[in-house]
Amino acid sequence: MIVEFLQRIFSFDDKHPLLFTQFDFWVFFIIVFAIFAVIEKNKLLMRNAFLFFVSVFFYYKTSGWFTLILVFSTIVNYFLGKWLFGAKSDGGKKGILILSLFVNLLTLCYFKYAYFFVDMVNSVCAVLNSKFDLSLGVSLGVHNIFADFGNIISGKENFSVDKIVLPVGISFYTFQSISYVMDIFRKRIEPVKNILDYGFYLTFFPQLVAGPIVRANTFLPQLYKPFFLGRRQFGVAIFWILNGFAKKIILSDYLAVNFVDRVFENPTMYTGPENLFALFAYSLQVYADFSGYTDIAIGVAMLMGFYLPQNFNSPYKAPNCGNFWKRWHISLSKWLQDYLYISMGGNREASFGTYAVIVTISLIGVILSDSIWVAVILLSITVIVSFRAYFSPDKRKNINSNFNRLNTMLLGGIWHGASWNFMIWGGLNGIGMLIFNFWKKRDIYHKTLVIMTCSIISAILLLVFDEPVYKIAFIWIGTIFVVTFVRMVYDLCGFKSQFKFLENCWAVFQTFVFITFTRLFFRSGSNLNPAEANSVAWSTAKNMVNQIGGTWDFSLIPTQLWEYRFLVALFIVGMLIHWIPEKIKRWYRLNFAMMPLPVMVIVSAVIVFVVYQFMSADLQKFIYFQF
């Protein structure tokens with residue numbers, strides 16, 4: 001009995017990874033915290049070493065043998081950081097930095113983008129064979145060299161060499177490793193004192209597998225501070241944990257299991273309104289899931305005296321796409337801004353990297369689309385914009401910054417997944433930013449003219465082609481035109497009172513709609529084997545668009561509203577809570593934190609009891625585990 005129990009505790013079960021929502025995790029955390037409470041009173045090195053080994057064990061319980069990749073990353077980046085700091089010449093420092101980037105990105109690309117590159121090469125060969133009647137005979141497949149190496153060491157066929165599985169959290173800890181070495185190169189930080197401290201920074205278990213991405217210059221100083229947990233900090237930590245639980249289980253998992261996943265698995269079985277509601281419900285689901293994980297991570301870290309950065313700031317309050325990305329996955333947005341956007345020139349100039357990225361991504365888009373029209377459109381846009389930048393020095397700075405911004409969002413999309421649907425998703429978000437930058441500089445009369453022109457074009461496309469996608473575009477753009485026209489008439493009549501609140505509400509609503517529709521491509525490619533992600537994602541997205549833009553039977557809507565009344569009510573309540581002003585949220589958070597301990601225990605028990613009434617039979621993994 002005891003042997004079986006210990007075997008279950010110390011073995012890896014890929015069907016039951018260690019999750020925040022499992023009872024096993026909280027048993028694990030209580031044991032860790034009890035030992036931590038004793039160790040923290042002694043040397044900091046012992047505390048950091050203990051948490052490092054605990055974090056590695058936690059990762060083993062979620063990822064099995066992939067722990068070796070994490071250990072490899074820890075060792076390599078620690079010594080590269082020391083080596084870079086000690087280098088005397090600038091050339092030597094740059095060489096070590098390049099080596100670090102090469103090792104980290106090669107490891108990430110191998111596991112995350114192998115299927116993507118293989119699919120791209122096979123697509124190129126297929127296009128060349130069909131267009132030029134060649135017989136290249138190239139048909140690449142993936143081969144897992146790490147599995148091959150493991151089989152050689154063990155002397156048995158323990159691991160499959162025909163597929164590559166993405167290690168949990170590899171994108172997060174790889175980005176942390178890159179930021180650490182780059183910050184040493186930029187002289188923002190000095191390397192840590194020993195490998196145990198670095199290992200703790202890289203693997204700290206609350207945020208290891210799904211972020212937030214912790215920056216070395218903010219977290220490393222905490223490694224050398226003594227433990228402190230005040231009464232208020234304790235209460236706030238418990239609040240964040242309970243808040244995360246409620247988001248994950250009540251909002252995210254319940255919506256996913258009972259509706260969203262079913263619709264996305266087979267959109268054609270559901271009506272247009274059902275598909276549309278599933279799309280909006282997914283926006284709430286993915287927010288509740290990811291921010292719920294972050295809330296729990298922040299709370300658990302705070303109980304041990306460590307502070308993780310804010311990763312979400314009510315993103316669906318954003319009045320435009322740019323502001324949305326300052327509120328959503330903040331740690332990734334700031335990472336991309338500091339290490340990618342600024343490196344390409346930021347809002348100052350376009351670098352060689354700017355054009356290298358845009359040309360490479362355009363070529364990938366052309367290859368994957370297998371369409372000459374895509375090539376013509378991308379090439380035309382690039383040439384027109386480049387000439388505009390060259391012959392208009394006064395506009396060059398703005399054009400360059402827009403290029404860099406679009407590149408950043410495209411690469412951010414690819415970071416999320418190795419398939420073209422994530423590239424489309426990232427590109428749409430980048431285009432949304434560019435449109436807003438254009439839009440905000442125009443007065444109401446120019447805005448009305450532009451949106452009227454777009455409405456006419458969408459109407460013509462609908463009349464000529466009669467496709468569901470053009471119907472959706474016409475309805476959406478036409479609605480924006482009506483509101484913009486009313487705003488113009490209001491201005492022409494000389495009314496002075498400004499309805500800033502209504503204008504902001506309209507902007508928030510339009511941004512939420514836009515972000516939700518971009519998620520069609522994001523969700524369609526999620527939870528899929530990389531080998532089939534491209535074809536399945538496109539089919540799912542196309543079917544959902546056809547259903548949403550198809551003919552609606554409005555007589556069914558009252559029946560559907562009643563049938564899904566609880567889900568609709570849950571969605572509305574979730575969105576209303578999200579839109580509560582921040583000062584009110586801060587008020588009830590601090591009031592919970594300062595409750596008398598007996599009252600807090602009772603309230604927490606009631607919340608946990610209510611939350612677990614919504615729990616499904618099979619615990620749902622956090623969505624961002626796959627990234």
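The values are calculated or read from the model by the stated rules, or taken from the named source; none is laboratory data. A quick note: this is a predicted structure, and the numbers were derived from the prediction, not measured. Here the Cβ positions follow ideal geometry from the backbone for every residue, glycine too, while neighbour counts run over all protein chains shown. Only protein heavy atoms, including side chains, enter the accessible area calculation; ligands, DNA and RNA are left aside. Shrake-Rupley method; radii C 1.70, N 1.55, O 1.52, S 1.80 Å.
Couple of notes before you dig in:
- Restricting Thr540, Thr551, Thr559 to residues that are of a type in the set (Ser, Thr, Tyr), in contact (Cβ under 8 Å) with a residue 60 or more places away in the chain and part of a helix (DSSP H, G or I) narrows the list to Thr540.
- Residues considered: Phe200, Phe277, Phe205, Phe227. Of these, the only one that is at pLDDT 90 or above and closer than 23 Å to Phe29 by Cβ is Phe200.
- Each residue in the range 562-616 was checked for being open to solvent by 90 Å² or more (accessible area, probe 1.4 Å), within 21 Å of Lys248 (Cβ to Cβ) and either in contact with a Phe, Trp or Tyr (Cβ under 8 Å, 6 or more places away or on another chain) or not in a helix (DSSP H, G or I) (or both), and 2 pass.
- Annotation for the range 30-53: at least one member residue is open to solvent by less than 60 Å² (accessible area, probe 1.4 Å), in contact (Cβ under 8 Å) with a residue 12 or more places away in the chain and within 17 Å of Phe172 (Cβ to Cβ).
- Reported count of residues in the range 469-509, each being without any contact (Cβ under 8 Å) to a residue 12 or more places away in the chain and open to solvent by 80 Å² or more (accessible area, probe 1.4 Å), is 13.
- Summed over the range 181-239, residues that are of a type in the set (Val, Ile, Thr), part of a loop (DSSP other than H, G, I, E, B) and open to solvent by 10 Å² or more (accessible area, probe 1.4 Å) total 1.
- Residues that are touching a residue at least 40 places away in the same chain (Cβ under 8 Å) and assigned to a helix (DSSP H, G or I), drawn from the range 448-468: Thr448, Pro468
- The residue of the range 63-112 that is farthest from the chain's Cα centre (by Cα), among those that are farther than 16 Å from Ile195 by Cβ and of a type in the set (Phe, Trp, Tyr), is Trp65.
- With respect to being on the phi > 0 side of the Ramachandran plot, surrounded by 16 or more Cβ atoms within 10 Å (Cβ to Cβ), modelled with pLDDT under 70 and out of contact with any His (no Cβ under 9 Å at 6 or more places or on another chain), Gly365 falls outside the description.
- Within the range 265-301, being of a type in the set (Phe, Trp, Tyr), farther than 30 Å from Thr203 by Cβ and open to solvent by less than 10 Å² (accessible area, probe 1.4 Å) holds for one residue alone: Tyr282.
Residue-by-condition table, conditions (1) touching a residue at least 12 places away in the same chain (Cβ under 8 Å); (2) under 27 Å from Phe422 (Cβ atoms); (3) in contact with a helix residue (DSSP H, G or I) (Cβ under 7 Å, 6 or more places away or on another chain); (4) buried (at least 19 other Cβ atoms within 10 Å of the Cβ):
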position	(1), (2), (3), (4)
Ser73	yes, yes, yes, yes
Val76	yes, no, yes, no
Trp83	yes, no, yes, no
Gly91	no, no, no, no
Ser100	yes, yes, yes, yes
Leu108	yes, yes, yes, yes
Phe111	yes, yes, yes, yes
Ala114	yes, yes, no, yes
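- Every condition in (1) open to solvent by 10 Å² or more (accessible area, probe 1.4 Å); (2) touching a helix residue (DSSP H, G or I) at 6+ places or on another chain (Cβ under 7 Å) is met by Asp162 except one, and the failing one is (2).
- Single residue of Ile424, Ile456, Ile444, Ile435 found to be surrounded by fewer than 16 Cβ atoms within 10 Å (Cβ to Cβ) and touching a helix residue (DSSP H, G or I) at 6+ places or on another chain (Cβ under 6 Å): Ile444
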